[in-house]
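Asks: My structure is below; once you've seen it, I'll send some questions.
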Amino acid sequence: TQLLEQSPQFLSIQEGENLTVYCNSSSVFSSLQWYRQEPGEGPVLLVTVVTGGEVKKLKRLTFQFGDARKDSSLHITAAQPGDTGLYLCAQNSGGSNYKLTFGKGTLLTVNP
Amino acid sequence: GAGVSQSPSNKVTEKGKDVELRCDPISGHTALYWYRQSLGQGLEFLIYFQGNSAPDKSGLPSDRFSAERTGGSVSTLTIQRTQQEDSAVYLCASGPSPQQKTQYFGPGTRLLVL
C-alpha cells in the first residue's frame, strides 16, 4: 500500500501569515486530491491534481503537483482564522479507481 | 440540496456491546463508502458499495465489522462485541458514479467504547 507522508503534522500561525504544507510519496501518484476537514465535520474536497507540474489556484490557496508526480504542496497566502482545519491529501490506492488512501494530515490553526 | 447524513452523531457504549451506525447518502448517488478516522491513524477505508455489485469489504479490520446497504440507498455499519480500540470517528461518503471520483462526506459518528 502506497503511503502518503504529510508535513508538518501541526502548524500554528498568526492571521496574515503565509504557509505551505506538503504531501509526499515514494511512488508515483496517478492523481492526488486535497481535502479540508473542519472540527466536527467530514472532509471536503478542495482540488484534484492530475498532471505533473500542474498548478491550481483556489482563491488564496495554491496547489502544486510535482513534475514526477510523487509530491504535492498546498500554499496558503495571508491565512485567515477560517482556514483553520485538518488538511488531508489522498490518492487512489491499490489500482482501484474508487478506494482512497489518505495521509494523516496537517492540523492548521490560524490565530486571530 | 441535502448532503450525506449520519446518525447518531455521537455514541458511547460499553465494551462487548453491539452498535449500529447509519448513513443516508445524497439522493441518486450510487457509490457509498465507509471510513474510520482515529487518532494517529488518519482515515482508513473500510468498505465500498456500488449499485447492485458485490461490495468491496477489503478494509474491514475484523469479522466483528459488517455493513449492508438496503435498496441502494441507506447503509448501516454494524460493530459486534465492541472493543476499546474501535473508538474512532466513522465517516460515510457517497459519490454520483464510479467514474466520478469525488466523494462527499458526512459529518461522521463519534464512537467511544468504554
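The values are calculated or read from the model by the stated rules, or taken from the named source; none is laboratory data. All of these numbers come straight from a predicted model, not from anything done at the bench. Here the Cβ positions follow ideal geometry from the backbone for every residue, glycine too, while neighbour counts run over all protein chains shown.
Asks: When you go through (1) crowded, with 20+ Cβ neighbours inside 10 Å; (2) within 14 Å of the chain's Cα centre (by Cα) one by one for A:Gly42, which number turns out not to apply?
Replies: Every listed condition holds for A:Gly42 apart from (2).
Asks: Also, quick follow-up: Anything in segment B:30-42 that is more than 9 Å from chain A (Cβ to nearest Cβ), under 21 Å from B:Asp18 (Cα atoms) and crowded, with 16+ Cβ neighbours inside 10 Å? List them, or say none.
Replies: Within segment B:30-42, B:Trp34, B:Arg36 qualify.
Asks: Now, a different point. Quick one: count up the residues across segment B:49-104 that are aliphatic (A, V, I, L, M), closer than 17 Å to B:Ala31 by Cβ and more than 13 Å from chain A (Cβ to nearest Cβ).
Replies: So the answer is 4.
Asks: Kindly list the number of the only condition in (1) loosely packed, with under 14 Cβ neighbours inside 10 Å; (2) at pLDDT below 95; (3) of a type in the set (A, V, I, L, M, F, W, C) that fails for B:Phe45.
Replies: Unmet for B:Phe45, out of (1) loosely packed, with under 14 Cβ neighbours inside 10 Å; (2) at pLDDT below 95; (3) of a type in the set (A, V, I, L, M, F, W, C): (1).
Asks: Can you confirm whether segment B:80-89 contains a residue that is hydroxyl-bearing (Ser, Thr, Tyr) and modelled with pLDDT under 95?
Replies: No: zero hits.
Asks: Related question: So, in segment A:76-112, of the ones that are of a type in the set (S, T, N, Q) and not in a loop (DSSP other than H, G, I, E, B), which residue ends up surrounded by the fewest Cβ atoms within 10 Å (Cβ to Cβ)? First the steps, then the outcome.
Replies: So in segment A:76-112, the residues of a type in the set (S, T, N, Q) come out as A:77, A:80, A:84, A:91-93, A:96-97, A:101, A:106, A:109, A:111.
Among the residues that remain, those that are also not in a loop (DSSP other than H, G, I, E, B) are: A:91-92, A:101, A:106, A:109, A:111.
Values: A:Gln91: 23, A:Asn92: 18, A:Thr101: 20, A:Thr106: 22, A:Thr109: 13, A:Asn111: 11.
So, considering only residues that are of a type in the set (S, T, N, Q) and not in a loop (DSSP other than H, G, I, E, B), the one surrounded by the fewest Cβ atoms within 10 Å (Cβ to Cβ) is A:Asn111.
Asks: Hey, another quick one. What's the total number of residues in segment A:68-112 that are within 14 Å of chain B (Cβ to nearest Cβ), of a type in the set (Gly, Ala, Ser), on the phi < 0 side of the Ramachandran plot and touching a residue at least 40 places away in the same chain (Cβ under 8 Å)?
Replies: Number satisfying all stated conditions: 3.
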